[in-house]
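What follows is a set of notes on a single structure, which appears directly below.
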Amino acid sequence: MVAQSRQAMRSWALWTLTVPAFLVVVLVDLGAIGYGVHAFTERLDWRGLDVVFALTVSALISVEGARRVESRRRRGGALHKDLAPAWMIAAAVILHPALAILVAVLLRIWWRIRAGKCIPYRWAFSTAVHVLAVGAAHAVFVSARELAGDGGLGLVVSMAGGAFAYVVTDTLLCGLAISLIIPGSSRRDTIGGLDDLCTDATAATLGCLLAAACLITPWFAFVAIPITLTAQRALLLGQLETEAQTDPKTSLTRVDWWRRRTEQMLRTARNQHESVAVLLIDIDHFKLVNDRHGHLVGDEALRAVATILRSAIRAKDAIGRFGGEEFVIALPDTGIDEATVTADRLRIAVANSPLAAMCAGVLDDPDLDPDTFQLTVSIGVAGYPNDGASVDDLLLRADRAMYAAKAAGRNRVRLAADTVELHRLTQISEPAEPLAPAPRPVR
């Protein structure tokens with residue numbers, strides 16, 4: 001019995017967190033428990049049970065109806081936004097806090113039953129966040145209603161304020177936890193991007209409409225079911241667009257989408273008389289990785305290099321997978337000198353990264369020796385306007401510079417201007433014989 005208890009405690013994985021993450025998770029859980037106890041010990045009006053039933057059942061029908069859509073939208077990260085908070089927002093606005101908490105907990109229990117495997121402490125933390133968000137929404141709604149009055153506009157403002165409080169509480173608490181539990185998380189990983197914020201806004205708006213409808217009759221909640229199912233499918237369009245422009249192996253932008261963004265950079269550079277640099281990056285001797293360790297390790301190494309490159313550039317830079325083991329980066333408002341410094345910094349970052357550990361952590365391959373499993377890259381640099389005026393011109397010049405870097409011994413950076421000067425000097429020294437195209441070195 002003691003052994004089973006210890007195994008159950010270990011399965012929570014709560015004890016594996018860092019001290020700051022542990023404190024945040026525990027404090028949020030305790031705060032939610034304390035607020036729930038306080039809400040249920042207040043004078044409770046049970047006349048809202050019909051609203052609890054209508055909101056809970058209609059929410060469950062909507063959740064089940066959108067299950068396939070949400071499975072497709074879920075990207076595997078720690079953050080996932082959907083429209084389920086709409087029902088909790090409606091409950092927080094029109095119900096006693098205890099009954100609103102009941103709606104939130106019932107929906108979370110159903111999610112736990114249907115989800116199958118999950119990390120228990122994360123489910124408990126997420127449920128606690130919803131409970132606290134319900135409390136924040138109800139408090140803001142009541143306070144705003146006292147100030148704005150019970151008139152039509154005052155009620156709308158109060159509902160909007162409550163919905164906003166719910167979204168902010170949920171976003172901040174979840175973002176804080178993700179940043180502590182997963183070190184190195186970006187702002188997009190913690191609070192989401194524009195699409196996630198639009199999802200929050202949609203859920204908040206729908207929650208206000210649900211609350212207003214339920215004030216007339218609770219059964220209006222069921223009318224919202226087809227609306228939410230349609231909205232869930234509309235949210236899928238953003239996911240499909242992301243999949244269409246993302247390379248599945250490296251999670252970088254596909255080259256056609258990279259080209260469109262770079263063309264936009266060039267148009268802006270022409271109008272504002274700025275510079276744009278293009279880096280073409282190729283992994284040296286990548287074929288040997290596949291031959292020695294297999295394609296699974298090769299794929300992991302490719303992902304690892306992509307992660308290193310993406311983390312070492314600016315947010316406004318555009319990076320994509322050019323094909324095979326080649327990557328391409330566009331640097332807006334960047335001259336050749338600055339681009340050369342950036343390229344050399346990327347080259348050093350790849351050469352000094354623990355690729356063996358990054359790959360072995362996923363594949364658990366004991367043959368990946370850190371002393372022998374090292375990768376380097378060769379980089380060619382071309383810049384607008386000196387090296388070309390179009391994307392194709394810049395890519396061609398960067399490609400020649402990259403192969404010049406390989407010919408010079410690999411793990412080097414070469415500029416397009418240097419290759420042109422070298423070609424010109426060669427023609428001057430040997431005018432009698434036309435130059436044949438030099439064979440490309442083996443990668």
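The values are calculated or read from the model by the stated rules, or taken from the named source; none is laboratory data. Just so you know, these numbers come straight off a predicted model, no measurement behind them. All Cβ positions, glycine included, derive from the backbone under ideal geometry; neighbour counts span all protein chains shown. Please note that ligands, DNA and RNA were not included when accessible areas were found on the heavy atoms of the full protein model with its side chains. Shrake-Rupley method; radii C 1.70, N 1.55, O 1.52, S 1.80 Å.
Let me check I've understood the local charge: for residue 389, count other residues with C-beta under 12 angstrom from its C-beta, Lys and Arg +1, Asp and Glu -1. What total comes out?
Counting the neighbours of residue 389, the net charge comes to -1.
Under 18 Å from a point 7 Å along the Cα-to-Cβ line of residue 217: which residues of segment 38-55 have their amide N that close?
What the label zone holds, given the 18 Å backbone N cut-off, is 48-55.
For a Förster distance of 25 Å, can you work out the FRET efficiency between the beta-carbons of residue 407 and residue 348, rounded to the nearest 0.05?
0.75
So if I take the centroid of the Cα atoms in segment 97-140 and the same for segment 15-66, what is the distance between those two points in Å?
4 Å
Taking a 1.4 Å probe, which of 249, 316, 287 shows the most accessible area, and what order do the others take after it?
287, 316, 249
What shape does segment 206-308 take by its C-alpha gyration tensor, where a ≥ b ≥ c are the square roots of the eigenvalues and a/c under 1.5 counts as rounded, a/b above b/c as prolate, and the rest as oblate?
Verdict is oblate for segment 206-308.
Using 7 Å Cα-to-Cβ label points, what is the residue 201/residue 274 separation (nm, one decimal)?
2.5 nm
Ignoring ligands, DNA and RNA, what percent of the accessible area of segment 192-326 is carbon or sulfur (1.4 Å)?
Heavy-atom surface of segment 192-326 belonging to carbon and sulfur, 1.4 Å probe: 60 percent.
Using the Cα gyration tensor of segment 276-321, with a ≥ b ≥ c the square roots of its eigenvalues, what is the shape: rounded (a/c below 1.5), prolate (a/b larger than b/c) or oblate (neither)?
Prolate, because a/c is 1.5 or more and a/b exceeds b/c.
Can you compute the modelled spin-label distance between residue 341 and residue 142, with each label point 7 Å from Cα toward Cβ, in nm?
About 5.7 nm, to one decimal.
If packing is taken as the mean number of other Cβ atoms within 10 Å per residue, what is the order of 150-156, 393-399, highest first?
My ranking of the peptides, most packed first, is 393-399, 150-156.
For an R0 of 41 angstrom, estimate the FRET efficiency from the Cβ-Cβ distance between residue 386 and residue 296 and round to the nearest 0.05.
0.45
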